[in-house]
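The values are calculated or read from the model by the stated rules, or taken from the named source; none is laboratory data. In this text the structure is predicted, and so the values were computed from the model without any measurement. Here the Cβ positions follow ideal geometry from the backbone for every residue, glycine too, while neighbour counts run over all protein chains shown.
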Amino acid sequence: MSEASFAHRILRQKVKGFNSGNKEISEILSKSSFRLANSFVSKSIGEIKLGSAADLIFVDYLPEHEITQENLHTNLIFGILQSRVAGSIINGNIVMKDFELAGIDETELNKKFIEYAKELNIK
């Protein structure tokens, strides 16, 4: 069960008068985390603007129905958050493109993982 589904179920059970909750859940997932993070870092997080720390992900999501203002939150919770990451930009650098890690030699990385695992096994 996804975190969003679990949170939705708990809110429906515990909060009197709680109806859908999709909007509230997406607010918690999308806004609360960056507000908390902003209390620990010097750069602004959670906005795409000059001077902000704007790491981005691109997801492979094709909705069954047109996304509207009314169903955006439901799509965010139950669609987009469940989708595969197709691309990612961190600190302005493309680290994943078309589902492939960019600039990383996966074969070499796997060799290092095997060596690290052997070291852990010895200790």
Item to check | Leading residue by the ranking (surrounded by the fewest Cβ atoms within 10 Å (Cβ to Cβ)) among those in the range 86-118 that are under 21 Å from E47 (Cβ atoms) and in contact (Cβ under 8 Å) with a residue 12 or more places away in the chain | outcome: N91
Next on the checklist: Quick check on my filter: what residues within the range 63-93 are closer than 25 Å to A53 by Cα and either assigned to a loop (DSSP other than H, G, I, E, B) or of a type in the set (S, T, Y) (or both)?
Outcome noted: S83, S88, N91, G92
Item to check | Subset of the range 47-67 [surrounded by 10 or more Cβ atoms within 10 Å (Cβ to Cβ) and modelled with pLDDT of 70 or more] | outcome: E47, S52, A53, D55, L56, I57, F58, V59, D60, Y61, P63, I67
